[in-house]
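The block underneath contains the structure these notes are about, expressed in structure tokens.
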């Protein structure tokens with residue numbers, strides 16, 4: 001994700017508290033809304049990806065943490081699982097570098113990635129708790145990865161140029177050396193919860209099986225009830241998603257939430273209706289566009305705008321969504337794979353409009369301390385793909401797809 005599943009962006013600058021507090025011109029304001037929670041499934045505390053493009057990892061691990069909470073029926077908030085994002089990032093960077101060189105540099109080599117990347121790393125390398133590997137070996141308390149991303153890209157670009165006309169067998173070791181310097185060496189074994197584990201044995205102890213998770217999308221340029229790799233550059237592993245009609249697409253999300261599962265969400269947050277204050281509603285797409293900056297600023301805009309913003313009503317009327325309008329947005333690049341977040345519940349506003357509860361990875365920012373209320377229409381229009389536990393899929397859809 002430009003975050004991107006597909007979804008995060010090449011290194012970003014963190015927004016200041018003062019800038020964050022300023023209202024985005026033309027955007028809906030949270031004070032106009034009164035929300036009532038309908039269904040809320042357990043999630044772990046909000047984290048902060050800060051100045052890194054790693055939303056794809058933060059959201060995926062938040063999702064997997066909720067999977068553990070549900071499977072193990074963990075109620076004590078002091079016992080919640082806290083998986084290391086940088087363990088995943090480190091291994092994903094290694095795998096991408098190898099593929100980048102094999103493809104002679106014809107691959108996106110940046111901070112953004114997709115949910116399938118995380119699941120593949122968990123399958124191949126395992127999981128590590130945050131206490132065993134923070135990945136913060138370069139003098140910061142929160143991720144600041146612009147330099148690291150630039151150095152890694154420069155290294156593999158030099159390898160691709162192949163100045164010796166024959167690659168040496170040691171270039172991957174050099175790449176891993178950079179990762180070791182910035183993120184730290186990964187421990188072969190570690191202790192957690194009174195036990196000693198390897199990354200793979202810890203994954204198994206947590207009950208995580210990457211094959212239990214299924215990605216879905218809904219577009220018409222591929223046949224329904226088939227799988228395809230969504231064509232966005234951050235889907236560098238070419239992870240396939242099942243393509244289903246829009247009504248079934250939404251039914252899977254609703255069934256998951258109702259049955260106590262959460263959903264790993266990837267989609268477009270570049271709309272004026274996606275605000276810095278914890279709201280995401282589908283308002284006029286011709287309204288003022290945000291300017292760019294940090295991962296947070298990139299998708300929510302700065303206080304100053306180059307063009308005058310249209311004024312939105314306090315609670316704006318939302319646009320309707322059809323299968324055709326979804327496809328149009330994907331085709332004309334107004335729906336892009338910007339960000340990955342964690343969907344974990346539902347709510348309604350004072351007018352009875354349905355919203356989904358979304359856990360973000362920008363710290364406890366906005367009016368709802370790191371939580372966003374995303375309208376049903378926004379989800380219908382702007383979701384590129386989502387991932388759910390296969391047991392969260394309605395039985396009739398699961399049977400239709402042959403998912404066992």
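For region 17-401, just run the numbers: alpha carbon Rg, then divide by 2.2 N^0.38 Å, N being how many residues it has. Against the empirical 2.2 N^0.38 Å value, I get 0.98 for region 17-401. Fully extending the segment from residue 161 to residue 134 would add 6.4 nm, taking 0.36 nm per residue of separation and subtracting the current Cα-Cα distance.
Eigen-decomposition of the gyration tensor built on the alpha-carbon atoms of region 182-284 gives equivalent ellipsoid semi-axes of 33, 20, 17 angstrom, largest listed first. If you take the alpha carbon atoms of region 314-376 and fit the smallest convex hull around them, that volume is 122 Å³ per residue. Where a ≥ b ≥ c are the square roots of the eigenvalues of the C-alpha gyration tensor, would you call region 118-165 rounded, which needs a/c under 1.5, or, failing that, prolate if a/b is larger than b/c, or oblate? Oblate, because a/c is 1.5 or more while a/b does not exceed b/c.
Ranked by the mean number of other Cβ atoms within 10 Å of their residues, highest first, the peptides 140-149, 186-195 come out as 140-149, 186-195. The distance between label points at residue 396 and residue 106 comes to 4.4 nm (points 7 Å beyond Cα on the Cα→Cβ vector). Modelled spin-label separation between residue 95 and residue 351, with each label point placed 7 Å from Cα along the Cα-to-Cβ direction: 4.3 nm.
Per residue of the chain, the DSSP helices (runs of n ≥ 4 H) give a summed -39500 (n - 2.57) that works out to -9500 deg cm²/dmol at 222 nm.
One chain, two ends: residue 220 and residue 170. Fully extended at 0.36 nm per residue, the span grows by 13.5 nm beyond their Cα-Cα distance. Taking 0.36 nm per residue of sequence separation and removing the Cα-Cα distance, the residue 181/residue 238 pair yields an extension gain of 17.6 nm. According to the Cα-based calculation, Rg over Rh for region 153-239 is 1.11, with Rh computed by the Kirkwood formula.
Coordinate-derived values only; no laboratory data. Note that this is a predicted model, so its numbers are computed, not measured. Neighbour counts are summed over all protein chains in view; Cβ atoms, including those assigned to glycine, are modelled from backbone coordinates with ideal geometry.
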